[in-house]
Each structure stands twice: as structure tokens, then as C-alpha cells.
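One structure below.
The values are calculated or read from the model by the stated rules, or taken from the named source; none is laboratory data. This one's a predicted model, so the numbers in the text were calculated from it and none came from an experiment. All Cβ positions, glycine included, derive from the backbone under ideal geometry; neighbour counts span all protein chains shown.
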Amino acid sequence: MLVLSGTRWHGGAVLAAFFVSSNLISRIPHGRPVTGLDPKSDRRDHWQVYANGAAAAIGGIVGLIDFGLGLWLVTSTLAAAAADTWATTVGRWSPVPPRLIWSGRSVPAGTSGGMTPAGTAGAAAGALIVAGIGAVAAGMPVLLPVATLIGFFAMVTDSTLGALLQGRFYCETCKVASEWRVHRCGSQTTRESGRAWLNNDGVNFLATVMAGGAALVTWHWLSPQG
Ligand SMILES: [Zn+2]
């Protein structure tokens with residue numbers, strides 16, 4: 001609603017590009033059962049929507065004051081959200097297990113902070129689609145490379161925060177790793193590492209807010225209107 005009110009159909013088109021492309025990519029059958037951690041990747045609860053969309057909503061509010069800047073922010077933050085969503089989805093097709101960014105340690109599929117070549121390529125593709133629609137809607141070609149790069153590096157930031165800071169838990173009842181304080185079986189989990197208060201939604205939120213910050217900086221340097 002905020003994106004539409006501040007950046008009209010232009011921002012709406014970017015929002016649609018994010019939702020439609022993320023939805024379509026998740027429907028491609030890949031024949032690999034989700035293993036390892038909680039199958040949370042298809043989760044689309046309200047927290048996840050806030051985590052991915054809050055920065056774009058702020059961009060929508062900015063659009064009420066400065067339309068061009070608002071659209072620039074909406075496109076960049078949604079490119080970041082798309083990069084993360086696509087990385088998660090395409091990463092599940094990976095024939096090789098993910099590795100933690102920087103340390104290179106191999107981790108079970110679905111682990112936050114784990115990266116695969118397939119997921120990384122998916123992140124770039126997702127960011128590119130959203131950035132492309134934003135660049136066309138805004139009539140600002142430079143937004144294509146800018147938002148693609150911001151989206152891609154937001155995914156790298158997301159993976160870094162996920163690997164270093166996100167809380168990791170263990171369910172004693174099910175004897176499996178979990179990313180949640182309460183496992184889906186209903187049992188309280190025990191913390192193994194990371195910050196207990198920082199979950200995947202928090203990491204997504206931080207990464208998209210950082211994307212917004214990067215967009216704000218690039219607006220003044222690179223946009224035709226900044
Ligand atoms: Zn459990």
C-alpha cells in the first residue's frame with residue numbers, strides 16, 4: 001500500500017516483478033527434497049513479508065516527497081529482497097552442499113549464511129529482473145546496474161550476517177538443527193551459537209535496510225535527478 005501510494009504504478013510494477021518472479025521460480029520443480037534444516041524457505045508469513053518489504057515501504061513514503069528517489073529506493077530494496085529469495089530458492093537445486101561465506105565450511109542445505117554457486121547466480125538473476133523493471137518504470141537506465149549490484153551485495157551481506165550473527169538452535173526432541181527458538185514440533189530449542197534474538201527475518205530486514213542506505217548514497221552520485 002505504501003509503495004503504491006508513494007510511487008504509484010511504477011513502484012507497483014517493481015513490487016509485482018518481485019512477487020511474480022519469486023513465486024514462479026519457487027514453482028519450478030527441481031526433484032530435490034528439502035533436507036537438512038527446517039523447510040522454512042516456502043514460508044510466507046507476515047514477519048517475512050515485513051522483513052523483506054519494510055525498507056521498500058519506507059521507500060514508498062519517501063516517494064510521496066520525492067518520486068524519483070522513492071522509486072530508486074523501492075527498486076533497490078526490492079532487488080535485495082529478490083536476490084535473497086532467489087538465492088534461497090535456486091540454491092535448493094544445487095548439486096553441491098552450501099558453504100558458509102568467508103569460512104568456506106560446508107553446511108547442511110537450508111542453513112542461513114550458506115552459499116552455493118547456483119544460489120549466487122540465482123541472486124544475480126532475481127536482482128536483475130527487479131532492477132530491470134524498476135529502470136524501465138523510472139525511465140532511468142542507470143538504475144539497472146545500480147539496483148542489480150545493490151541487490152546482489154545485499155544478498156552477500158545477508159549471508160554474512162546469517163553466518164556470523166544469526167541465532168542457531170538445536171531441538172533436543174527431534175535431534176535436528178533449527179533456526180528457531182521454538183521448533184515446529186513445539187519444543188523449546190537450545191541455542192548453539194549466534195544471537196538468540198536475531199533470526200532470519202531480522203537478518204533479511206537488516207540486509208534490505210542496508211540496501212536502502214546504499215541506494216540513498218548512489219542516488220546522489222549516479223541518478224539523473226539526484
Ligand atoms: Zn523438534
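Observations, loosely collected:
- Test: residue in the range 167-183 that is surrounded by fewer than 22 Cβ atoms within 10 Å (Cβ to Cβ), among the basic types (K, R) and over 22 Å from R105 (Cα atoms): yes
- Selection of the range 129-147 for residues being in contact with a Gly (Cβ under 8 Å, 6 or more places away or on another chain) and buried (at least 22 other Cβ atoms within 10 Å of the Cβ) yields V130, A131, A138, L143, A147.
- Matching option when the condition is out of contact with any Gly (no Cβ under 7 Å at 6 or more places or on another chain) and at pLDDT 95 or above, among W93, W72: W72
- Test: S159 is out of contact with any strand residue (DSSP E or B) (no Cβ under 9 Å at 6 or more places or on another chain) and modelled with pLDDT under 95: no
- Among the conditions (1) surrounded by 22 or more Cβ atoms within 10 Å (Cβ to Cβ); (2) at pLDDT 95 or above, the only one that D84 does not satisfy is (2).
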